[in-house]
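The values are calculated or read from the model by the stated rules, or taken from the named source; none is laboratory data. In this text, all values refer to a predicted model and were calculated from it rather than measured experimentally. Cβ placement follows ideal geometry from the backbone for every residue including glycine, while neighbour counts extend to all protein chains displayed.
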């Protein structure tokens, strides 16, 4: 089925940074033949975040038009870890961790794609069977100079940071994925451009038609500075609890509201409306995104809880409870035991900054001892985190 010119223009422009080669892809889309559209994701963490959804939503656009989405779980590339944008070598993941993380992806991806209509592969299907002789032949298609010309590799070399040989293999392996699945199009974030172009080069050298490449904008994280990333802690996971998701989205800088609407939702909100009332626009954004991933009822409840807790300064209805078999405990140890802080140093810092309250009273001395009762004390860290701790004999 042939596509109209306007639909093609929208497909290749909306939430798209660059298309390589646009004229070729336009011709293929005009012919109406189903294309094999590839996306690879490494299971380096068990949860996907809103940043991942930008590319997944573009993939869904192709799926809705009848094209074949080829979704690759990088269980082999994931053991290396994509070095893109990293200032140091990533820790290598073992096979068990990669497999465990991969199992969570399908339900999450299904929130955006129709996973049953996807062609799914693990890249261990081909890499596990590849003899070392074939690995050598594969790497012979690339030069060291070509691989290390990447900006992130150059920065690490100039700063004296180590660059592992295994990291140089990553773009080569991603390129071979395109060979293995006969990709006609590959979609990824702008930070994946080098790797996707490597796929074009390898296809050409191996006598295959070169895939077209679509890059999508990177979503800036909650900090308003760097791209959304779990390792940076500036993310919103798509499986996070509705109240937590809503609360996080309400913390984004006003400057991000417009791009979040555009990249993450189907809504078009006038810039003037956002500038006139950023708080209401942010609330609309948070409600819309929570509804997309958890449903209307959960979105409504999350919004009501946010208003009650942060605008009316009331305690949320549902608070996680802990029971400890001690009557007194230091505030620092208490924050770590209740998982409100990941370490004692982080706990001390947040206390000294006045970010912790016990039963509504701000605690600033990290040496403070808290007396527990069977009724429990309410700990509040920051604006969003509440825990009730009770003494249990």
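Scanning region 365-377 for residues that are at pLDDT 85 or above and either touching a helix residue (DSSP H, G or I) at 6+ places or on another chain (Cβ under 6 Å) or within 19 Å of residue 309 (Cβ to Cβ) (or both), which turns out surrounded by the fewest Cβ atoms within 10 Å (Cβ to Cβ)? Before the answer, list the steps.
First, the residues of region 365-377 that are at pLDDT 85 or above: 365-372.
Still in the list and also either touching a helix residue (DSSP H, G or I) at 6+ places or on another chain (Cβ under 6 Å) or within 19 Å of residue 309 (Cβ to Cβ) (or both): 366, 368, 370.
Working: 366: 17, 368: 14, 370: 19.
Among them, the one singled out is 368.
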Residue hits (region 190-202; closer than 21 Å to residue 26 by Cβ and surrounded by fewer than 21 Cβ atoms within 10 Å (Cβ to Cβ)) are 190, 193, 197
Would you kindly identify the helices (runs of 4 or more DSSP H) lying entirely within region 143-206 that contain at least 1 residues that are over 25 Å from residue 23 (Cα atoms)?
144-147, 151-159, 165-181
For region 115-152, name all the residues that are more than 30 Å from residue 53 (Cβ to Cβ) and loosely packed, with under 10 Cβ neighbours inside 10 Å.
129, 131, 132, 133, 136, 140, 145
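Can we say residue 362 is in a helix (DSSP H, G or I) and modelled with pLDDT of 85 or more? It would help to see each step written out before you state the result.
On the way: in a helix (DSSP H, G or I): no; modelled with pLDDT of 85 or more: yes.
No.
Every residue, every condition in (1) within 18 Å of residue 241 (Cα to Cα); (2) part of a helix (DSSP H, G or I); (3) touching a strand residue (DSSP E or B) at 6+ places or on another chain (Cβ under 8 Å); (4) modelled with pLDDT of 85 or more, yes or no:
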residue	(1), (2), (3), (4)
287	yes, yes, no, yes
290	yes, yes, no, yes
307	yes, yes, no, no
313	no, no, no, no
316	yes, no, yes, no
Looking at region 217-227, which of its residues are surrounded by fewer than 22 Cβ atoms within 10 Å (Cβ to Cβ) and in contact (Cβ under 8 Å) with a residue 40 or more places away in the chain?
217, 218, 227
Can we say residue 112 is in contact with a strand residue (DSSP E or B) (Cβ under 6 Å, 6 or more places away or on another chain), surrounded by 13 or more Cβ atoms within 10 Å (Cβ to Cβ), in the same structural domain as residue 63 (by TED's automatic domain parsing) and not in a helix (DSSP H, G or I)?
no
Somewhere in region 213-221, is a residue modelled with pLDDT under 95 and out of contact with any helix residue (DSSP H, G or I) (no Cβ under 9 Å at 6 or more places or on another chain)?
no
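On the given criteria, is residue 202 closer than 24 Å to residue 285 by Cβ and either modelled with pLDDT of 90 or more or touching a helix residue (DSSP H, G or I) at 6+ places or on another chain (Cβ under 9 Å) (or both)?
Values: closer than 24 Å to residue 285 by Cβ: no; either modelled with pLDDT of 90 or more or touching a helix residue (DSSP H, G or I) at 6+ places or on another chain (Cβ under 9 Å) (or both): yes.
It is false that residue 202 is closer than 24 Å to residue 285 by Cβ and either modelled with pLDDT of 90 or more or touching a helix residue (DSSP H, G or I) at 6+ places or on another chain (Cβ under 9 Å) (or both).
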Scanning region 167-187 for residues that are at pLDDT 95 or above and over 14 Å from residue 74 (Cα atoms), which turns out surrounded by the fewest Cβ atoms within 10 Å (Cβ to Cβ)?
182
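Scan region 15-28 for residues that are part of a loop (DSSP other than H, G, I, E, B) and without any contact (Cβ under 8 Å) to a residue 40 or more places away in the chain and report the count.
Pass one, region 15-28, residues part of a loop (DSSP other than H, G, I, E, B): 15-17, 21.
Now restrict to residues that are without any contact (Cβ under 8 Å) to a residue 40 or more places away in the chain: none.
Qualifying residue count, region 15-28: 0.
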Among the residues in region 32-40, are any modelled with pLDDT of 95 or more and part of a loop (DSSP other than H, G, I, E, B)?
yes
Of the numbered conditions (1) buried (at least 21 other Cβ atoms within 10 Å of the Cβ); (2) in the same structural domain as residue 151 (by TED's automatic domain parsing); (3) modelled with pLDDT under 95, residue 235 fails exactly one; give the number of that condition.
(2)
Keeping to region 12-40, report how many residues are buried (at least 20 other Cβ atoms within 10 Å of the Cβ) and in contact with a helix residue (DSSP H, G or I) (Cβ under 7 Å, 6 or more places away or on another chain).
6
Going through region 35-54 in order, the residues found to be within 18 Å of residue 228 (Cβ to Cβ) and over 10 Å from the mean Cα position of the chain (by Cα) are 39, 41, 42, 43, 44, 46
Within region 238-250, does at least one residue satisfy the condition of being out of contact with any strand residue (DSSP E or B) (no Cβ under 9 Å at 6 or more places or on another chain) and closer than 30 Å to residue 392 by Cα?
yes
